[in-house]
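The values are calculated or read from the model by the stated rules, or taken from the named source; none is laboratory data. None of the values given here were measured: they were computed from a predicted structure. Note that each Cβ is placed from the backbone with ideal geometry, even for glycine, and that neighbours are counted across all protein chains shown. What goes into the accessible areas is simple: the full protein's heavy atoms, side chains included, and nothing from ligands, DNA or RNA. Shrake-Rupley method; radii C 1.70, N 1.55, O 1.52, S 1.80 Å.
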Amino acid sequence: DKGEFKHYMLKEIYEQPDAVARTLEMAIDNRQASALRDDFLARNEAQLSGVQHVQIIACGTSYHAGMVAKYWFESLMRLSCSVEVASEFRYRNPVVLDNSLVICISQSGETADTLSALREIKKQNPAGLVSLALCNVPTSTLVRETDIFLPTLAGPEIGVASTKAFTTQLVALMLLVLKTGAVQQRIDSANLSTLLGELQKLPGQLYASLHLDAPIKAMAEHFEDKKSCLFLGRGLQFPIALEGALKLKEISYIHAEGYAAGELKHGPLALVDKDMPIVVLAPKDSMLDKLKANMQEVHARHGELFVFASEDSHINAEERLHVVYVKAVCETLAPIVYSVPIQLLSYHVAVMRGTDVDQPRNLAKSVTVE
Ligand code: F6R
């Protein structure tokens, strides 16, 4: 039931504060936020303690969640992490290191390529292999075939374009990073309690992002008749740029590409002209100055910039530079908060173009064939 909403996708975008709060409750006790709950992955501590490498396998939006997790595992825990789309991984006879934690991320748990990649790894049977399903459907094939089940508590997702599944995947991945970091003593308790405190602010921050709906809708009007669009981000926002481009192309049918902003000079800058909208994800983080330089590069070539910027980023609107301000958030969790504006933008552009938002052409919710 869509209730008051025009589409399932919009309803699911608005469900994110609750879905994220539910997912957080698996691991964080509201009354005692400085440590993880004792019962969170309690039975898996021995398995997690032996992990020396993380291999993430997924498709589409779930793959983008995995890309964010790679930054987290490596920067917060100093644990090496590889991430790859399942359709490539399964066919290239990859090396799976001993003592790997293989994380399969899938909303449905039925994605054919993801399941086949997992089976391929199990056939290789490296020493100390631990497999984990990060999945929204407890009864799925993926959950049955893995050692550990870490649920996303998004609730059923009906819209083909993944929204609340993505943000809850990110939250669950962060909880997994913290748990593994705690078990292996690779995250100190001060850092852990700071991140737990920041995690608890997330539902409120997601509500605040939803309040940006009106300015984002106004921004969307600029995209209605566009042929092609770029999404730029750096660091933790690079996967969100990829996700923004995927969302826009799948529901509005406008060609879109996500790029790490530092790659502009290596090719995509040639595309930039006055008809090219460029969406930029600009939270206040360690990459902001570099990102501003990249924005300048496209602005100088008359590209029109549409920027989601932190209130304290000192980015001001000017000609051909539109800004929607997002409340300040901690750098580590910013990708979760900045997911909401790119979802809303894609949604409004698609509605204006009159496409079938919940059921885009040629796509299926669960991709059970390769
Ligand atoms: C995009 C989208 C797809 C899925 C992909 C994987 O909005 O929904 O890219 O993310 O098909 O599906 P799951 O997560 O079910 O394995």
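Assorted remarks:
- Within region 253-295, if we keep just the residues that are out of contact with any strand residue (DSSP E or B) (no Cβ under 9 Å at 6 or more places or on another chain) and closer than 17 Å to Phe223 by Cα, the residue that is modelled with the lowest pLDDT turns out to be Asp273.
- Within region 22-44, the set of residues being open to solvent by less than 70 Å² (accessible area, probe 1.4 Å) and either more than 14 Å from Thr194 (Cα to Cα) or within 22 Å of the chain's Cα centre (by Cα) (or both) comprises Thr23, Leu24, Met26, Ala27, Ile28, Asp29, Phe40, Leu41, Ala42, Asn44.
The rows are residues; the columns are (1) within 12 Å of the ligand (Cβ to nearest atom); (2) not in a loop (DSSP other than H, G, I, E, B).
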{"position": "Leu142", "(1), (2)": "yes, yes"}
{"position": "Leu150", "(1), (2)": "no, yes"}
{"position": "Leu153", "(1), (2)": "no, no"}
{"position": "Pro156", "(1), (2)": "no, no"}
{"position": "Ser162", "(1), (2)": "yes, no"}
{"position": "Leu175", "(1), (2)": "no, yes"}
{"position": "Lys179", "(1), (2)": "no, yes"}
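- Restricting region 47-62 to residues that are without any contact (Cβ under 8 Å) to a residue 60 or more places away in the chain and buried (at least 23 other Cβ atoms within 10 Å of the Cβ), the residue that is farthest from the ligand (Cβ to nearest atom) is Val54.
- Scope region 304-319; condition closer than 16 Å to Leu232 by Cβ and free of Cβ contacts under 8 Å to residues at least 60 places away in the same chain; matching residues: Leu305, Val307, Phe308, Ala309, Ser310, Ser313, Ile315
- Residue within region 166-183 that is open to solvent by less than 30 Å² (accessible area, probe 1.4 Å), of a type in the set (Ser, Thr, Tyr) and farther than 22 Å from Val351 by Cβ present: yes
- Taking the criterion of being farther than 14 Å from Gln237 by Cβ, open to solvent by less than 10 Å² (accessible area, probe 1.4 Å) and of a type in the set (Phe, Trp, Tyr), the only residue of region 63-86 that qualifies is Phe73.
- Hey, Ile105 β-branched (Val, Ile, Thr), part of a strand (DSSP E or B) and under 28 Å from Val340 (Cα atoms) or not: yes
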